[in-house]
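The values are calculated or read from the model by the stated rules, or taken from the named source; none is laboratory data. As the structure is a computational prediction, the values presented were derived from the model and not from experiment. All Cβ positions, even for glycine, are placed from backbone atoms using ideal geometry, and neighbour counts span all protein chains on display. Ligands, DNA and RNA are stripped out before the accessible areas are found, and what is left, the full protein with its side chains, is counted by its heavy atoms. Shrake-Rupley method; radii C 1.70, N 1.55, O 1.52, S 1.80 Å.
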Amino acid sequence: MATITLKPPATAAAAGGEVSEVELSEAGSPDVGSQSSGSGGSGRSTAGSSGWVYHLGVNSIGHEYRHLRFLVIRGKTVAMYKRDPSKNPGIVGDASIDATAIENAASIGLDDDNRVIYSKKLIVSAFGAVLGCRFSLVLLQPIRKGVVSHTLMVEELGRRITSHGELYVLRFYNRLDQTKKGEIACGDPGEARKWVEAFEQAKQQADYDLMTRGVSWNRSQNENELNLDGHRPRVRRYAQGLGKLVRIGKGPEKLLRQSSNLQSHEIINTNFGGDSGDAFEAHEWRYVRTFNGIRIFEDIANTKGGKGVLLKSVGVVGANPDTVFAVVLSSDKHKRYEWDMLTADLELVETIDGYYDVVYGTYEPRYLSWWKTKKDFVFSRQWFRGQDGAYTILQIPACHKNKPPRHGYERTKINSSTWELRRLNPPGSSTPKCLVTHMLEMSPSFWDRWKRRHNENFDRSIAFALLSQVAGLREYFAANPALTSDLPSTVVKPKQSDSLIIQSELDDSELNDEFYDALARGESFEDEDSDDDDDMIPKAGKVKFKNISWAIAGLAMKPTKASVEKSELVTNSTPVTIDSNHFHGTLRRAKSENDPNSWSEPGGEKFMIRGKTYLTDYTKVVGGDPLLKLIAVDWFKADERFDSVALHPKSLVQSEAAKKIPFILVINLQVPAKPNYNLVMYYAAERPVNKDSLLGRFIDGTDAFRDARFKLIPSIVEGYWMVKRAVGTKACLLGKAVTCNYLRQDNFLEIDVDIGSSSVARSIIGLVLGYVTGLVVDLAILIEAKEEKELPEYILGTVRLNRANPDSAVPI
């Protein structure tokens, strides 16, 4: 006698599962709910993530679909369901069954290996005969499954407007084969960020397996990779290991625009002043006045990049940045009426991409002046989210052919402005808080008159209305506490009985299918396992807060070049003399500070890097002199992307002088444009690299290790203020943001950075290229330190690009 689990037909249909073939265990009983190893019979305890998403794609007849799906990530395995497995376990009751009678009634013969073949229909009929009732034996199983490989790339495509509202889309692809791809969508940017983090953790597991089990094992994992362009094959895998899953979002209703309940447990080092970058900025902010509890500052620095005066309002809003971002970007006038007196009536004119749109609006001037003529305006919006979760929104006056001047309205220009939203994590507080900064440019003559006379004109200006939006947001969230709910993540722990039917073949060791099949295009319209749904609509740590003044006291703590060389280079070897006159790139070295279209090598004192105690108190210190010497810079242009510059016969690396250098690092920044540009920097070491050092492990390590450590810090020293705000000064892990390809040969390592592989990076670089002839840009390159023995960090190399001219690029 054996005990099994049954489910009536009505309940089975509601669960969205499929009738599965039943395998017989060695004892002869149908094995429909065997427990996995582990305490409590709950399966593997590997932590993971789960939640509702939209699966986007195109089916076999070319129709786009958007299906609501429940996604589960455990370890590096991914499964996609039509229903939530933890809520649809398929358990109704237990019954005592004569397994021998079932086996005898359902067997239909032997296969080539003399194994008994059982008929699914006969098994169901046999059970019905034994129990005297009609029923279906159902196991909820994933409709798609696969594994995350170490070559997975996750790209945020930004916001997409659909008939059902706003969605935030994620694209997945293999950086070695971009035909393997797929898309999912979330209800808000916060959930999109959580899924990116979940897939990054799965990718880290794949990286670990690759390092511990070797390349041959990894190749065997991909031998049975599914055809992504064909029909989705029948899946016979069952849910397992749902013991500990971090739930992302509340459920399918979240994708119908209800708020999320997931809180980020990330440790972010931030400043209450709002500028928490990794490079020193030229702004010098002075407090001017308080309006409605919001501080207003003026930039009193002698900026060369703009013609107007920069002002900013700063306030703390009781919500997380994701929620504030969604409210600021929303065009729902009924909600905007509650906090925005100027740009509440917005109409979307055109969506350029997921990070760029154009809007049209009107406002009543009687709130700001005595004039009764109605006003209208058009402006563009671009937005970006940094790797630290902070948002930047650029608002620039624009013209659009679909919105010509309107009769009865006077077309006006809204001041160029930026929003910056950064999470605050005060020690001991569980309440979500966000530092909101609204920055704008205004006429210096008007501002000077107001400062001299302090009349009321400024209080009735467009600039004042924009700055007051911060106060409006603060009160809006205070009056709507439901919007600010930021509850801890839900950990789903099924009951012990659930494990009886959540059976499992999702073990990493048995999955030979790439993850991309879980999001494959090419759905089969006739496939009985189709994704179509006619029935469905369905750790915070202690943070030490600092401002920029502490960096001065940390000058003595900065790593010296001598100490860095001792750990990273072979110091007992004879240094090679590097004569800069032997190396000439297509971009010339600067002769003076103001020499245009040239390069120079600044020191590291303008950058902030992780100090010796960073892992305990998050302290950053001023950078020291670069370890490697910049010997040349090339500025190329080509019709298509140019990889492997160092292998070109006329490359600097192939010269006789370069072959005598112990090590050369080649950084090839590939800039997408028409034509494409390549900024190539060559850094040289005077001594051989210590193989056991961090640099040595980076040079000869895996691509996954390099992606996780290769870091760049940007800084716009001079230029238009909005470009400065868009680029920022935060360090960026390039391997996580864009596709990086590595070429290790002879005495060099080349890193090809494909900026065009990220829609966010493309958007930012497009803005930069529009002002590049007036920009002075500093870049610092380093390897991120993540362990105590690797601290303090050091700067690998720097470069200053002084007003580069695209027309001077040399064609290839």
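Quick check for you: with a 1.4 Å probe and neighbouring chains kept, what is the accessible area per residue of the range 285-484, in Å²?
46
Go through His582, Trp599, Val772 and say which Cα lies farthest out towards the positive end of the charge dipole of the range 581-811; charges sit on Cβ, +1 for Lys and Arg, -1 for Asp and Glu.
Val772
Percentage of Cα-Cα pair distances in the range 581-811 greater than 23 Å, rounded to whole percent?
47
Using a 1.4 Å probe on the protein heavy atoms, what percent of the accessible area of the range 581-811 belongs to carbon and sulfur?
The computed percentage sits at 50.
Using the heavy atoms of the protein chains and a 1.4 angstrom probe, tell me the accessible area per residue for the range 581-811 in square angstrom.
Value for the range 581-811: 37 Å² per residue.
Taking amide hydrogens as modeled 1.01 Å from N in the peptide plane, which residues meet the under 5 Å criterion relative to Lys620, leaving out close sequence neighbours?
Residues meeting the amide H criterion: Gly611.
For the range 285-484, report the convex hull volume of the alpha-carbon atoms normalised per residue, in Å³, without decimals.
For the range 285-484, the hull spanned by Cα atoms encloses 145 Å³ per residue.
Taking the full set of protein chains and a 1.4 angstrom probe, give the accessible area of Asp700 in square angstrom, rounded to the nearest 10.
My reading of the accessible area for Asp700 is about 80 Å².
Out of every Cα pair in the range 553-659, what percent are spaced more than 19 Å from each other?
Summing the P(r) tail past 19 Å for the range 553-659 gives 63 percent.
Give Lys76/Lys180; Lys650/Lys724; Lys194/Lys433; Lys660/Lys736; Lys203/Lys312; Lys181/Lys606 a once-over and call out the pairs whose C-alpha atoms are over 29 Å from each other.
Going by Cα-Cα distance, Lys650/Lys724; Lys660/Lys736; Lys203/Lys312; Lys181/Lys606 fall outside the 29 Å limit.
What share of all Cα pairs of the range 636-675, in percent, falls into each consecutive 5 Å distance bin?
Over the range 636-675, the share of Cα pairs per 5 Å bin runs 5, 21, 25, 22, 12, 9, 5, 1 percent.
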